[in-house]
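The block underneath contains the structure these notes are about, expressed in structure tokens.
The values are calculated or read from the model by the stated rules, or taken from the named source; none is laboratory data. These numbers come from a predicted model, not from an experiment. A quick note on method: Cβ atoms are made from the backbone with ideal geometry, for glycine too, and the neighbour counts reach across all protein chains shown. Side chains included, ligands, DNA and RNA excluded: accessible areas come from the protein's heavy atoms. Shrake-Rupley method; radii C 1.70, N 1.55, O 1.52, S 1.80 Å.
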Amino acid sequence: EPDVTIVSGLKDRVVAEGEDVTFQCQLSHEDARDVEWKLQDVALQNNEMNEISVEKGKIHTLTLRKVTEQDIGTVTFRVGPHTSTA
């Protein structure tokens, strides 16, 4: 299986409390397994507050809904041994 790498990493974002914020990471290959999103070292699941999606098989997107001060921190995207943070 080819080694999946991060082609385009996460970018830092600043938003006002109550707004949504979106992070994107582009991978070198489609259908990557072993992918994980974290906020402040806590693994995120797809739910009403966190929307996790994949576009065109390579572009992984995380949207945090209606952020609060508690959401301030580092967002991490990991695929295999590769990580990107913002």
How much length is gained on full extension from Lys56 to Gln26, taking 0.36 nm per residue of separation minus their Cα-Cα distance? 9.8 nm
Percent relative contact order of the chain, based on C-alpha pairs within less than 8 angstrom and at least six residues apart? 38 percent
Using Cα springs under 10 Å in a Gaussian network model of the chain, which residue among Ala32, Ala16, Ala43 shows the largest mean-square fluctuation? Ala16
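Per residue, how large is the accessible surface of the stretch 29-72? Use a 1.4 angstrom probe and give square angstrom. Walk me through the intermediate numbers first.
Details: 3040 Å² over 44 residues.
In whole numbers, the stretch 29-72 has 69 Å² accessible per residue.
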Specify whether the C-alpha gyration tensor of the chain places it in the rounded, prolate or oblate class, a ≥ b ≥ c being the square roots of the eigenvalues: rounded for a/c under 1.5, otherwise prolate if a/b is larger than b/c and oblate if not. prolate
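How many percent of DSSP beta bridges within the chain run antiparallel, rounded to 5? Before the final figure, lay out each step's value.
Working: 25 of 25 bridges.
In the chain, approximately 100 percent of DSSP beta bridges are antiparallel ones.
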Neighbourhood charge, 10 Å Cβ-Cβ cut-off, centred on Thr63 and excluding it, Lys, Arg +1 and Asp, Glu -1: -1
